[in-house]
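The values are calculated or read from the model by the stated rules, or taken from the named source; none is laboratory data. Keep in mind the model is a prediction, meaning the values are calculated, not measured. Virtual Cβ from ideal backbone geometry, glycine too; neighbours counted across all protein chains shown. When the accessible area is computed, the model is the full protein with side chains, heavy atoms only, and any ligands, DNA or RNA have been set aside. Shrake-Rupley method; radii C 1.70, N 1.55, O 1.52, S 1.80 Å.
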Amino acid sequence: KNEVEQSPQNLTAQEGEFITINCSYSVGISALHWLQQHPGGGIVSLFMLSSGKKKHGRLIATINIQEKHSSLHITASHPRDSAVYICAVEGTGANSKLTFGKGITLSVRP
Amino acid sequence: KAGVTQTPRYLIKTRGQQVTLSCSPISGHRSVSWYQQTPGQGLQFLFEYFSETQRNKGNFPGRFSGRQFSNSRSEMNVSTLELGDSALYLCASSADLVGYTFGSGTRLTVV
């Protein structure tokens, strides 16, 4: 079993829809990161979370440390949101490296 | 503020050769980490350097090595290239509580 699991595997939505992407992890972490990768490779860091909830524009990220679960929500989705969304967890102490989920490919249709 | 710069962007090498990739972090960031991304395995951690010291290492063979210079620039080296080393190699720089900023990557093709 992977240390970081994302669901659903792939996602297609209509423009304007509310989208939720989930991430579950099985190890102790110091932080969880949501990353966005567009075709061509560049990765953008969307959120770094260690507790609670963060909001940036139409994006909201939440984390439940007790349940080892995080969600990324996209409100009023737009075709430009089409990308791969990757959840990564940062270990603790000497094991502070990033471990990544497989990523979710989101396609938003106009 | 300049971002993370990786050079070269694209590289084609022959099996058995060696390659060196370069990463210049954001000014003031002392931590640089390297990642390999392939369609089959996704993103995998290679190693992390902080103030010229390797702080963490992933599960890659010894053919993969790196170093960091006093100006925080980092290089990674892959010796005796194999076809399976074809991948996108990404570096990221970070500072405490700031999170990671990724470079655009170097796409390595081994033929």
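Values for this structure:
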quantity: Flag for B:SER65 being open to solvent by 30 Å² or more (accessible area, probe 1.4 Å), assigned to a strand (DSSP E or B) and away from chain A (no Cβ under 14 Å); calculated: yes
quantity: Test for A:GLY16: is it in a loop (DSSP other than H, G, I, E, B) and under 24 Å from B:GLU48 (Cα atoms); calculated: no
quantity: Inter-residue pairs, beta-carbon under 9 Å, first farther than 23 Å from A:LEU49 by Cβ and away from every other protein chain (no Cβ under 11 Å) and in region B:93-110, second in a loop (DSSP other than H, G, I, E, B) and open to solvent by 60 Å² or more (accessible area, probe 1.4 Å), 6+ apart; calculated: B:VAL110/B:THR14; B:VAL110/B:ARG15; B:VAL110/B:GLN17; B:VAL110/B:GLU82
quantity: Hey, A:ALA61 outside any loop (DSSP other than H, G, I, E, B), without any contact (Cβ under 8 Å) to a residue 40 or more places away in the chain, within 12 Å of A:ILE74 (Cα to Cα) and touching a Ser or Thr at 6+ places or on another chain (Cβ under 7 Å) or not; calculated: yes
quantity: Answer from A:HIS73, A:HIS78, A:HIS56 - the residue that is without any contact (Cβ under 8 Å) to a residue 12 or more places away in the chain and farther than 30 Å from B:TYR10 by Cα; calculated: A:HIS56
quantity: Residue in region B:11-38 that is farthest from the chain's Cα centre (by Cα), counting only those that are polar (S, T, N, Q) and within 14 Å of another protein chain (Cβ to nearest Cβ); calculated: B:THR38
quantity: Residue match in region A:93-102 (condition: assigned to a loop (DSSP other than H, G, I, E, B), among the hydroxyl-bearing types (Ser, Thr, Tyr) and surrounded by 19 or more Cβ atoms within 10 Å (Cβ to Cβ)); calculated: no
quantity: Qualifying residues in region A:20-47 (those that are open to solvent by 50 Å² or more (accessible area, probe 1.4 Å) and within 14 Å of chain B (Cβ to nearest Cβ)) - the one farthest from the chain's Cα centre (by Cα); calculated: A:GLY40
quantity: Leading residue by the ranking (modelled with the highest pLDDT) among those in region B:27-46 that are at negative phi and of a type in the set (Gly, Ala, Ser); calculated: B:SER33
quantity: Filtered residues of region B:76-95 (kept if outside any strand (DSSP E or B) and crowded, with 19+ Cβ neighbours inside 10 Å); calculated: B:LEU81, B:ASP85
quantity: Residue match in region A:48-61 (condition: open to solvent by 60 Å² or more (accessible area, probe 1.4 Å) and under 12 Å from A:GLY101 (Cα atoms)); calculated: no
quantity: Residues of region B:9-58 that turn out to be touching a residue at least 24 places away in the same chain (Cβ under 8 Å) and either open to solvent by 60 Å² or more (accessible area, probe 1.4 Å) or assigned to a loop (DSSP other than H, G, I, E, B) (or both), as a count; calculated: 16
